[in-house]
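Asker: This is the structure I have questions about; it appears just below.
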Amino acid sequence: MYIEYILEQKPIIAAIKSKKDLKKLPKNKIDVLFILRSKLSNLAEIVAKAQKLDVLIFLHIDMVKGIGNDKEAIRYLAREIGVDGVMTTKSYLIKAAKKEDLITIQRLFLLDSESLKTGINIIKNSKPDLIEVLPGLVVPELIEDLRAKTKIPIIAGGLVKKKEQVEEILNYDVLGISTSKEKLWKQEF
């Protein structure tokens, strides 16, 4: 898969929360972008500006104000807005996005062993292209179980704030790390 190749080269994923954040992206360091928040009224503008940066664009569909969380919303994002992929906690949206040939990322919040077990069942049902584990700092503790039971590439995200944390997590064979910390966007890993 193309995204795997990209993240092997540059494992940091810029997670933005507003269109102002686009201006802060160091293009030579970032090839994948997560849009974490948006409104339907400015989504097309944000995606158009991001496309000019020549990055893969993923939208956290659960956090877009003004758009439904249904198959029609996915179709609109794929055909009209032009995102490369979506990320969501909802397995039915993963299935709909796959039908539109979008790259899919299932977000899992892993807080304890029960959420890990539930997450594995969700992954087996939805069959996403990638898994994003949140908070990213739990990756060292849970990656072996998750990888053994799902065989799907893993991204870490959330609460990763320091270069040392990124380096430690990357030692656990994750594909990439999403972060909204601008200083990490500029680092070499």
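The values are calculated or read from the model by the stated rules, or taken from the named source; none is laboratory data. Because the structure is predicted, anything quoted here is derived from the model rather than measured. Here the Cβ is made from the backbone with ideal geometry for all residues, glycine too, and neighbour counts use every protein chain on show.
Asker: State whether the residues of region 38-50 include one that is of a type outside the set (A, V, I, L, M), surrounded by 14 or more Cβ atoms within 10 Å (Cβ to Cβ) and closer than 23 Å to Leu170 by Cβ.
Answerer: Within region 38-50, not a single residue is of a type outside the set (A, V, I, L, M), surrounded by 14 or more Cβ atoms within 10 Å (Cβ to Cβ) and closer than 23 Å to Leu170 by Cβ.
Asker: While we're on this one: In region 33-85, which residue that is aromatic (Phe, Trp, Tyr) and free of Cβ contacts under 8 Å to residues at least 60 places away in the same chain is farthest from Ser180 (Cα to Cα)?
Answerer: My answer is Tyr76.
Asker: Restricting attention to region 169-183, which residues are in a helix (DSSP H, G or I) and either charged (D, E, K, R) or buried (at least 22 other Cβ atoms within 10 Å of the Cβ) (or both)? Steps first, please.
Answerer: Initially, region 169-183 is screened for residues in a helix (DSSP H, G or I), giving 169-170, 182-183.
Scanning region 169-183 gives Ile169, Glu182, Lys183.
Asker: Turning to a different aspect of this structure: Applying the selection to region 172-186, what residues are under 19 Å from Tyr5 (Cα atoms) and either in contact with a Pro (Cβ under 7 Å, 6 or more places away or on another chain) or modelled with pLDDT under 95 (or both)?
Answerer: Tyr172, Asp173, Leu175, Gly176, Ile177, Trp185
Asker: Just for region 147-162: of the residues that are over 19 Å from Ile6 (Cα atoms) and in contact with a helix residue (DSSP H, G or I) (Cβ under 7 Å, 6 or more places away or on another chain), which one is surrounded by the most Cβ atoms within 10 Å (Cβ to Cβ)?
Answerer: Val160
Asker: Which members of region 161-173 meet the condition of being aliphatic (A, V, I, L, M) and farther than 20 Å from Asp145 by Cβ?
Answerer: Answer for region 161-173, where residues must be aliphatic (A, V, I, L, M) and farther than 20 Å from Asp145 by Cβ: just Val166.
Asker: Still on this model: Tally up the residues in region 106-161 that are small (Gly, Ala, Ser) and part of a loop (DSSP other than H, G, I, E, B), please.
Answerer: 1
Rundown of residues vs (1) hydrophobic (A, V, I, L, M, F, W, C); (2) free of Cβ contacts under 8 Å to residues at least 40 places away in the same chain; (3) touching a His at 6+ places or on another chain (Cβ under 8 Å), yes/no style:
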position	(1), (2), (3)
Asn121	no, yes, no
Lys124	no, yes, no
Leu134	yes, yes, no
Asp145	no, yes, no
Thr150	no, yes, no
Gly157	no, no, no
Glu167	no, yes, no
Phe189	yes, no, no
